[in-house]
Amino acid sequence: MAMRELVTGGAACAASGSSSSSSNPLGALANALIGTSSKTQERLKEIPTATPTTSDSQFYSETSNHFTALPGSEFDHQLLQPNAQVSEFLGGFRSGNHNGFSDVWNEIQLQSQPSFENFPPPPPPQLQPTLEGPPQRVLSSFLHSFVESSRGGVPFRPTSLPLLGLSEGDKQCIRDRSSIMARHFFADKSEDFINAQVNSLLSSLEIDSDARVKGPLPGRYRELEDYWNESQGMLKPGPQPADGWVAEYSQHRAAHDNPNAWAHSFEQQHGVNGWASEFEQEQSQLASVDQLRGVNISNAMEQTRMLAHTLAQNNDPKFQFSLGAKQWVDEFAVEQEQHGTVDDQWVNEFSKLHVNDWVEEFGQQVGDASLGDTSADSWVNAYDDFLNEQVATKQWSDASRRVYVFSDMNPYVGHPNPLKEGQELFRKGLLSEAVLALEAEVLKNPDNAEGWRLLGIAHAENDDDQQAIAAMMRAQEADPTNLEVLLALGVSHTNELEQAAALKYLYGWLHHHPKYGTLATPELPDSLYYADVSRLFIEASRVSPDDADIHIVLGVLYNLSREYDKAIESFQTALKLRPQDYSLWNKLGATQANSVQSADAILAYQQALDLKPNYVRAWANMGVSYANQGMYEDSIRYYVRALAMNPKSDNAWKYLSISLSSASRNDMLEACNLRNLDVLQKEFPL
Amino acid sequence: MQGGSSGIGYGLKYQARCISDVKADTDHTSFLTGTLSLKEENEVHLLRLSSGGTELICEGLFSHPNEIWDLGSCPFDQRIFSTVFSSGESYGAAIWQIPELYGQLNSPQLERIAVLDAHVGKINCILWWPSGRHDKLISIDDENLFLWSLDCSKKAAQVQSKESSGMLHYLSGGAWDPHDANSVAATCDSSVQFWDLRTMKKTNSIEHAHVRNVDFDTKKKHILVTAADEYGIHIWDLRKLKVPIQELPGHTHWTWAVSCNPEYDGLLLSAGTDSTVNLWLASLSSSGDEPSESSFELPTQRANPLLNSYSDYEDSVYGLAWSSREPWIFASLSYDGRVVVESVKPFLSKI
């Protein structure tokens, strides 16, 4: 329990002021460790007799399909391979079968040992270690070395670190977590020893340890000094390992003139050997230089090995009977069965973590090493390709922010006519329900432009422009000239303050309009200038002054250029032509609010809500206007009302928490953070 | 932590005053910030907002020899920036280049590409022309205004022209008009002076204004915003400098810094020694045609222009920087070395 809470950053561990520590290295590390193991463990069930060296290809194909086509992607093996071993290991551990457990361990050991001979000569240890670099990286390396010190119970030596810029919150977090973690690592050691370990860590980070962990620093011994120096050397990868690496690569290349040989040797060298060296170290309790090289190659491997290590320590009978560890394992098993999705998150987090770290470290080694020989060059090129692929993947994931996110557990899936149901719900003003029904429709008919369009409108009225844009983009894909879709995209992008995109769609509206299309140039220009577009619309409004749509688009355009007076005028003109259009009243109100006329805005919103009582956007906008006038209590009531209708609105929850703070209603912040609507509605009725 | 703070934080180790948007980095939202520690070695941190916008990542950490009193990122080269620094008794100003990083662990040395060494007194600030590639720099010390021509490739900066403000006026800072590369506004003890860089002559001034900080609106021409210690924020039309077009109350203590949003005219930030940052939505709408009485009779619907007051700081806030890449994001820096990045989206209404 305690362990889980520790790594998941449960409430007990959270430090006040920890909003500053947006990343907690210790927690992230532990998450990553547990995450991978639990996932691979799950997979392991499908593979009754997983043999670590051969089964890795299955994991590989599952997790990183997009790498397979790439030259040089063999290197990926080393990242995933240890997981198989770990999971098998963990499997044995979980079943509580100690024989199976040690069998597996022995098996791994046996398999690993033959590969020792492949190791290149160890590089000389660096005697003057320094920890340098950006704070996060230094901190993470430093914490690694602390966890590392738990192997074999070697006292941890304080060191001087560069300036890390830790906030009080960060410090408290590190203090709390390291104290607890140390007690798990050194369950078999005395309290004094643990205190000393934690103290060294904290004093290096210039964190005041509290009385609880105060204790004498351990004495210095020569061999410990050496150990320290060695373990420090690993934090600062030098050119030597990489050189040795390249040399060995060339050797292998000469020996077996076949492309697989490289992959094979790489795999052996860095996949299995890293693991093997871990084991060797485990046995001899000495920091082997090869193991240190493993760290250079990949933080991910390091982390995986640390998990193995922690578990290996559990082999110790004392730890086996430690209540905390047992609870943790039990809870972990339960968690595993209950929440598959949590594991997925962990795995995601881990994959994010290890790939980036690894690529970064690798790029650095490539940069450090002097690679003169041509075969090495081609190898480097393969790596460049791989890095480019990484960048492309990242960019794609940026773009994927615009991918529509479907709800889980949709009761309308399987409904005979979800579109009709969705339209009906939308008419009744049940926006969140309508969203579900329409999602069922577009899942059934992914090319139904009307389904996507209505879904987009429902999201916009529900005050979620991100989802509205995602849905409207699908609608536009299916029906590229739909005017309502183009206008809605223009509006939502305006709300997201994305001027170029908004301008593009508003111009598209004109371009595809049967009546005004002739005003636009036949080709869509690559770049649009605001002045040109607005000139065209002004022209169109002269052609047909009674077309409300033109005035609406003009109003949106003036919002883009923040000519609010003109925007208000345009919307007012449109409202004369179309007084029953609730979304138009909201547009007027929002424009007035943005031009610092909040009192007028509230009147306009009220009109919108009279016409459509469940119009979430207008409720939320009401809240914004009251907040902007400093009437925070009122704004809270409107936000709560908006949330009652759309509890999924992350924006509204954020606004609410800001208003609660501004109104000094910190007593209600917890309910807000827990998203407890019942409490909030009772406290802030409208 | 208070739930009201939606900001993303980052802690510098030392006290600090200066933060600058890295405008030339078009791929990321990044900020440069420099520390001001009397005893210790000072640092420049290059911070980047993660792509999800959830985290501030330190992309580079460089040591800097002296206390940093002013820092400006070059608007056309993301690796170049200027600092004004002090060792206690003497002041210096230099242009620096960040070395290529390649994700190295070691913190490399900054390369000093030019020293602006013509000053004798206390140097106040270095100004880059904000609107793109321009080979000129302005530096302002207590008594003089220098125009430098900078050649990054040759690593040289030469004084092109210089003018003294006159014995009775102590200059304290300034801003370069983004709409007119020949015009600069310099703050004096009791006035704001406008200089024409071609003639190096004063062209105009705002008198009786004890201004601490000035900024031009990047979108609208002729708009200048000033922050005065005790008199709050004033918005001026450069064509009519007798009366400000709008007054904002400012802060409960001194107002130290003011910054105009690079995209949204009228959206202003101010910071002060009351440990708050205020977000204002001022109306800059053309009062040009209206009679000037309007400044006495403010229309009633012009309600409170204060959108939000960020008060989650533990020390005075001197550093403010809007992101030009994501103009709804800004970074603030309090004297205790805390960087907070916030989004202003929650305070805008959706049409």
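When you look at B:Leu284, is it in a loop (DSSP other than H, G, I, E, B) and either closer than 15 Å to B:Leu307 by Cβ or modelled with pLDDT under 90 (or both), yes or no? So B:Leu284 fits the description; yes. Give segment A:601-620 a look and list any residue that's under 20 Å from A:Ala567 (Cβ atoms) and either free of Cβ contacts under 8 Å to residues at least 40 places away in the same chain or surrounded by fewer than 20 Cβ atoms within 10 Å (Cβ to Cβ) (or both), or say none. If the condition is that a residue be under 20 Å from A:Ala567 (Cβ atoms) and either free of Cβ contacts under 8 Å to residues at least 40 places away in the same chain or surrounded by fewer than 20 Cβ atoms within 10 Å (Cβ to Cβ) (or both), then A:Ala601, A:Ile602, A:Leu603, A:Ala604, A:Tyr605, A:Gln606, A:Gln607, A:Ala608, A:Ala618 are the ones that fit. Residues in segment A:582-612 that are among the β-branched types (Val, Ile, Thr) and within 15 Å of A:Gln629 (Cβ to Cβ): A:Val596, A:Ile602. Count of segment A:675-684 residues, restricted to those that are in a helix (DSSP H, G or I) and either of a type in the set (Phe, Trp, Tyr) or surrounded by fewer than 18 Cβ atoms within 10 Å (Cβ to Cβ) (or both), is 6.
Within segment A:619-653, being at the interface with chain B (Cβ under 10 Å from one of its Cβ atoms) and of a type in the set (A, V, I, L, M, F, W, C) holds for A:Ala620, A:Met622, A:Val624, A:Ala627, A:Met631, A:Ala652, A:Trp653.
Matching residues to (1) crowded, with 19+ Cβ neighbours inside 10 Å; (2) in contact (Cβ under 8 Å) with a residue 60 or more places away in the chain; (3) over 28 Å from A:Lys587 (Cβ atoms):
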position	(1), (2), (3)
A:Asn628	yes, no, no
A:Ile636	yes, no, no
A:Val640	yes, no, no
A:Leu643	yes, no, no
A:Ser649	yes, yes, no
A:Asn673	no, no, yes
A:Leu686	no, no, no
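Suppose the filter is in contact with a strand residue (DSSP E or B) (Cβ under 8 Å, 6 or more places away or on another chain), on the phi < 0 side of the Ramachandran plot, crowded, with 18+ Cβ neighbours inside 10 Å and of a type in the set (A, V, I, L, M); does A:Ile658 pass it? Yes: the conditions hold for A:Ile658. Checked against the criterion of being touching a Cys at 6+ places or on another chain (Cβ under 9 Å) and either more than 11 Å from chain B (Cβ to nearest Cβ) or not hydroxyl-bearing (Ser, Thr, Tyr) (or both), segment A:589-605 contains not a single residue that satisfies it.
Considered as a group, the residues in segment A:651-667 that are without any contact (Cβ under 8 Å) to a residue 24 or more places away in the chain and out of contact with any Cys (no Cβ under 9 Å at 6 or more places or on another chain) include one that is nearest to B:Phe347 (Cα to Cα), and that residue is A:Lys654.
For the criterion of being in contact (Cβ under 8 Å) with a residue 60 or more places away in the chain, more than 16 Å from A:Arg562 (Cβ to Cβ) and assigned to a strand (DSSP E or B), B:Leu269 passes.
Please specify each residue of segment A:606-619 satisfying the condition of being basic (Lys, Arg) and outside any helix (DSSP H, G or I). Step through it out loud before you land on a result.
Initially, segment A:606-619 is screened for residues basic (Lys, Arg), giving A:612, A:617.
Selection gives A:Lys612 alone.
Looking at A:Met668, A:Met622 in this structure, which one is within 30 Å of the chain's Cα centre (by Cα) and outside any loop (DSSP other than H, G, I, E, B)?
Numbers: A:Met622 fails: within 30 Å of the chain's Cα centre (by Cα).
On inspection, the qualifying residue turns out to be A:Met668.
Does A:Ala471 satisfy the criteria of being touching a residue at least 12 places away in the same chain (Cβ under 8 Å) and touching a helix residue (DSSP H, G or I) at 6+ places or on another chain (Cβ under 6 Å)? Criteria met by A:Ala471.
Can you pull out the residues in segment B:195-252 that are under 18 Å from the mean Cα position of the chain (by Cα), among the small types (Gly, Ala, Ser) and in a strand (DSSP E or B)? Listed by number, the residues that qualify are B:Ala227, B:Ala228, B:Gly232.
Checking each residue of segment A:511-528 against the condition of being in contact with a His (Cβ under 6 Å, 6 or more places away or on another chain) and crowded, with 19+ Cβ neighbours inside 10 Å gives at least one match. When A:Ala567 is tested against (1) buried (at least 24 other Cβ atoms within 10 Å of the Cβ); (2) away from chain B (no Cβ under 14 Å), only condition (2) is not met. Out of the residues in segment B:157-174 that are more than 17 Å from B:Met200 (Cβ to Cβ) and touching a strand residue (DSSP E or B) at 6+ places or on another chain (Cβ under 6 Å), which is surrounded by the fewest Cβ atoms within 10 Å (Cβ to Cβ)? Only one residue fits best here, namely B:Gly173.
Can you tell me which of B:Gly88, B:Gly121, B:Gly132, B:Gly92 is touching a strand residue (DSSP E or B) at 6+ places or on another chain (Cβ under 9 Å), surrounded by fewer than 20 Cβ atoms within 10 Å (Cβ to Cβ) and at positive phi?
Details: B:Gly121 fails: at positive phi; B:Gly132 fails: touching a strand residue (DSSP E or B) at 6+ places or on another chain (Cβ under 9 Å); B:Gly92 fails: at positive phi.
One residue alone meets the criteria, B:Gly88.
The values are calculated or read from the model by the stated rules, or taken from the named source; none is laboratory data. On a predicted model such as this, the values are computed, not experimentally measured, just so you know. Ideal geometry is used to build each Cβ from the backbone, glycine not excepted, and the neighbour counts take in all protein chains shown.
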